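Read through the structure below, which is laid out as structure tokens, and then see the notes.
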Amino acid sequence: MQSVLSDIHYHSEEAAYAYVEARIWPNGPLCPHCGSAAGERIGRLQGKTTRIGLYKCYACRQPFNVKVGTIFEKSHVPMRVWLQAIYLMSASKKGISARQLQRTFNCGLKTAWFIGHRVREAMAVLRIDGGPLGGANQVVEIDETNRAVVGRARRQRSELPRTERHRCHAWPGHYRERR
Ligand SMILES: [Zn+2]
């Protein structure tokens with residue numbers, strides 16, 4: 001049995017960087033400062049004390065890594081922990097709280113909150129960039145369970161006079177019962 005969590009990029013920092021680089025730079029490293037592409041103008045820095053995943057652009061003479069311009073930028077959280085967080089947060093149906101991340105990663109609440117916030121931010125951006133669910137002008141079907149809940153909620157709402165309801169901020173134009 002090969003568990004998903006055994007994948008090397010969840011445990012080795014080098015493998016984690018390689019995993020992210022392969023996705024962000026499918027055609028080789030790109031300089032985030034001047035836009036130079038892979039080739040003779042970009043070199044990998046590989047000194048003994050050099051941080052993992054560090055490159056240097058010989059066109060603009062600036063160092064960079066794959067984290068620049070992503071949710072991983074300017075963080076000291078190891079890349080393998082970022083990947084673990086992304087896996088946990090996207091695989092769990094109901095999401096994961098900062099407290100849960102704190103317990104799992106054995107880190108401070110501030111770090112846990114930061115990781116959770118950044119990962120959710122990336123998920124939200126993806127949803128906006130992806131356009132409407134199902135694509136533009138496409139019909140999206142909702143299963144019967146959801147329709148039943150909407151129907152019941154609507155009946156309950158309509159039994160109350162409007163003054164008893166207040167505007168729902170999550171769903172503009174809709175009202176929910178006052179508690
Ligand atoms: Zn450059």
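The values are calculated or read from the model by the stated rules, or taken from the named source; none is laboratory data. All values derive from a computational prediction rather than experimental measurement. Every residue, glycine among them, receives a Cβ derived from its backbone with ideal geometry; neighbour counts consider all protein chains shown.
Residues considered: G35, G53, G47. Of these, the only one that is within 17 Å of V68 (Cα to Cα) and at pLDDT below 90 is G35.
All conditions but one from (1) among the charged types (D, E, K, R); (2) surrounded by fewer than 16 Cβ atoms within 10 Å (Cβ to Cβ); (3) under 21 Å from the mean Cα position of the chain (by Cα); (4) more than 23 Å from V4 (Cα to Cα) apply to K48; the one that does not is (3).
May I ask you to verify whether P26 is touching a strand residue (DSSP E or B) at 6+ places or on another chain (Cβ under 6 Å) and either more than 26 Å from E121 (Cα to Cα) or not in a helix (DSSP H, G or I) (or both)? No; evaluated as a whole, the condition is false for this residue. Just one of the listed residues (R41, R23, R61) is on the phi < 0 side of the Ramachandran plot and within 14 Å of the ligand (Cβ to nearest atom), and it is R41. Just one of the listed residues (V4, V81, V66) is within 18 Å of V119 (Cβ to Cβ), free of Cβ contacts under 8 Å to residues at least 60 places away in the same chain and away from the ligand (no atom under 16 Å from the Cβ), namely V81. Among the residues of segment 84-113, the one identified as more than 13 Å from the chain's Cα centre (by Cα), among the β-branched types (V, I, T) and closer than 21 Å to D7 by Cβ is T104.
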